[in-house]
1. Hey, Pro47 hits all of (1) surrounded by 13 or more Cβ atoms within 10 Å (Cβ to Cβ); (2) at pLDDT below 95 but one; which does it fall short on?
2. Out of all the residues in the range 73-81, is one or more among the aliphatic types (A, V, I, L, M), over 19 Å from His186 (Cα atoms) and surrounded by fewer than 19 Cβ atoms within 10 Å (Cβ to Cβ)?
3. Among the helices (runs of 4 or more DSSP H) confined wholly to the range 112-217, which include 2 or more residues that are acidic (Asp, Glu) and either in contact with a Cys (Cβ under 7 Å, 6 or more places away or on another chain) or modelled with pLDDT of 95 or more (or both)?
4. Please verify whether Lys337 is modelled with pLDDT under 70 and of a type outside the set (S, T, N, Q), treating the condition exactly as stated.
5. Spot the failing condition for Gly244; the list is (1) surrounded by fewer than 17 Cβ atoms within 10 Å (Cβ to Cβ); (2) at pLDDT 75 or above, and only one is missed.
6. Applying the selection to the range 136-145, what residues are over 14 Å from Lys107 (Cβ atoms) and surrounded by 20 or more Cβ atoms within 10 Å (Cβ to Cβ)?
7. Could you grab me the full set of residues in the range 78-105 that are small (Gly, Ala, Ser) and without any contact (Cβ under 8 Å) to a residue 40 or more places away in the chain?
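The values are calculated or read from the model by the stated rules, or taken from the named source; none is laboratory data. Keep in mind that what you see is a predicted model, and the values were worked out from it rather than measured. A quick note on method: Cβ atoms are made from the backbone with ideal geometry, for glycine too, and the neighbour counts reach across all protein chains shown.
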Amino acid sequence: MKQLLRHITGLLLATALCAGSALAAPQSQPPQDQGQTPAPPQQPATPPKTPPEQPVPQQAQVSPKNSKEDVEAIGNRNVGKGVNFYSLEKEIALGKQLAQEVERSSKMIDDPVVSEYVDRVGQNLVRNSDARVPFTIKVIDSDEVNAFALPGGFFYVNSGLILRAQEESELAGVMAHEISHVTARHGTKQATKGEILQLATIPLILLGPGGWAGYGIYQGLNLAIPLTYLKFSRDAEREADFLGLQYMYKAGYDPNAYVTFFERIQADERRRAGTIPKVFSSHPPTPERIAMAQKEIARILPARQEYIVTTSEFDQVKARLRNIMFSRKTKENEPGKPTLRTRTEQEKNKKPQTTGTDPADDGRPTLKRRPDSP
């Protein structure tokens, strides 16, 4: 029994000595095998840190490459994409046919100086556009402030527009807008929509009470939706504004000239109603479109130190064209030239016939006795 107590007491003393040495001495590392690199001391566990947010690269804030807003990519952008039944070859053939009708019914300015200048201004814009077809540009002898471009690149500028513009950049702005209708293929896209609508109505006619007979009546009455190539939707006009501003900017012109020109035209219309012809009355941008154009100029067109505003050649061509128009009107009004008058005008200008030489004779018929026969 004594030996058992002595053994327990010894174990307790040994345990106490080991505990005291453990508190006093630094914690020893476990033995390492010879030739191995000692493990690094363990760091206290800390929650993982989230990586800092990376700054958004500047390229994410600019327009995507080759998009309609990428001015540097003009010429390499497919701005005319969309549903279109017309190939480029078919579009050119259609435009040529329409151009023949225009020139058959219009009087053209054949002065070489005026024609060459307008063509040169237009071709410079075409080279700085997304055009995929060649352009033929001619001047129409007309006082109307107007310009229009047919599908396939057949482009006509009225002499009235040239005379109304005060600077070359204003003329270039209107021309760039019309070129944009061709590059975006608005004419043939609109024709495609009309054809789709026609095709959509055929099943309704076939399912009607007339069946195939109804379809024959449909064809006989020619109820096809009229397709116009010069009157576009508001969205198409906005797109032409948007692209036209880029094209004139790319060609070196001040894009603000496009806005100021139409602002002046609208101001003239408010002061004197009827100054804008009916053909052109719906064409100038509305105040909303003007504001949108100004916003797009500030947003996507970097400012330049220099712009082309006007040239001395523009003033010379404008003066030459004014003389041509004045000469034409003089010839039309020269005396002795046969004119066509209505029956009302002829009756108005007819002199009353008199039956006698008496000044008191008012021209009324009088009853005279027949002289007696011998």
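1. (1)
2. Applying the first criterion (among the aliphatic types (A, V, I, L, M)) to the range 73-81 yields 73-74, 79.
Then keep just the ones that are over 19 Å from His186 (Cα atoms); that gives 73.
Within this subset, residues satisfying the condition of being surrounded by fewer than 19 Cβ atoms within 10 Å (Cβ to Cβ) are 73.
Yes; the residues of the range 73-81 include at least one that is among the aliphatic types (A, V, I, L, M), over 19 Å from His186 (Cα atoms) and surrounded by fewer than 19 Cβ atoms within 10 Å (Cβ to Cβ).
3. On the way: elements: 112-127, 159-164, 168-183, 186-206.
Result: 112-127, 168-183.
4. Criteria met by Lys337.
5. (1)
6. Here is the first cut: in the range 136-145, the residues over 14 Å from Lys107 (Cβ atoms) are 136-137, 145.
Answer for the range 136-145, where residues must be over 14 Å from Lys107 (Cβ atoms) and surrounded by 20 or more Cβ atoms within 10 Å (Cβ to Cβ): Ile137, Val145.
7. Residues of the range 78-105 that are small (Gly, Ala, Ser), as a first pass: 80, 82, 87, 93, 95, 99, 105.
Of everything in the range 78-105, those that are small (Gly, Ala, Ser) and without any contact (Cβ under 8 Å) to a residue 40 or more places away in the chain turn out to be Ser87, Ser105.
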